[in-house]
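The values are calculated or read from the model by the stated rules, or taken from the named source; none is laboratory data. For clarity, every value in this text was computed on a predicted model and none was experimentally measured. Please note: Cβ atoms are built from the backbone with ideal geometry, for glycine as well, and neighbour counts cover all protein chains shown. With ligands, DNA and RNA removed, areas are computed over all heavy atoms of the protein, side chains included. Shrake-Rupley method; radii C 1.70, N 1.55, O 1.52, S 1.80 Å.
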Amino acid sequence: SRTPYLFLMSDLIIKFLKFGVVGVSGVVVDFGMTWLLKEKGHLNKYIANSSGFLCAVLSNYMLNRIWTFHSHDAAVGVQFAKFFVVALVGLGMNNALIYFFNERQKIPFYASKGIATAIVMLWNFGANYLFTFTV
């Protein structure tokens, strides 16, 4: 029967859409903090980028735990550690992609950051769905 398959697919799509909404809020935090630290604080662009990314991780974890995945896992510390590991891998990917697009392809920094963010979102959703917020 296709009913369980359709239910699972619709649940996955809803989670992905919610993850995307949370991601948009994270992008606002990430880009805002990056801009503040890079443009006003005059920090190195990669330090500013990493700081913005990590601030977004904190807000994204809370929102995804509560709203996207409806997690009631009592081991919050372990779950956050998993989320953080996924985010660190994503951060490495993010910086590598920004380097590739900005330094090698000469795409402006914030456009490169936008492209990298979209690519890394796919990684983050998949890893968090399969690893962090498993039942």
Looking only at the stretch 79-134, count every residue that is touching a Phe, Trp or Tyr at 6+ places or on another chain (Cβ under 6 Å), modelled with pLDDT of 95 or more and small (Gly, Ala, Ser) and tell me the total. 1
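Rundown of residues vs (1) part of a helix (DSSP H, G or I); (2) closer than 21 Å to Val22 by Cα; (3) charged (D, E, K, R); (4) open to solvent by less than 20 Å² (accessible area, probe 1.4 Å), yes/no style:
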{"site": "Val86", "(1), (2), (3), (4)": "yes, yes, no, yes"}
{"site": "Ile107", "(1), (2), (3), (4)": "no, no, no, no"}
{"site": "Tyr110", "(1), (2), (3), (4)": "yes, yes, no, no"}
{"site": "Leu122", "(1), (2), (3), (4)": "yes, yes, no, no"}
{"site": "Phe131", "(1), (2), (3), (4)": "yes, yes, no, no"}
{"site": "Thr134", "(1), (2), (3), (4)": "no, yes, no, no"}
Criterion first (open to solvent by 60 Å² or more (accessible area, probe 1.4 Å) and without any contact (Cβ under 8 Å) to a residue 24 or more places away in the chain) does Asn102 satisfy it? no
Would you be able to tell me the number of residues in the stretch 15-47 that are open to solvent by 90 Å² or more (accessible area, probe 1.4 Å) and either at pLDDT below 90 or aliphatic (A, V, I, L, M) (or both)? 4
Could you list, in sequence order, the residues of the stretch 93-105 that are hydrophobic (A, V, I, L, M, F, W, C) and either in a loop (DSSP other than H, G, I, E, B) or touching a Ser or Thr at 6+ places or on another chain (Cβ under 9 Å) (or both)? Leu97, Ile98, Phe100, Phe101
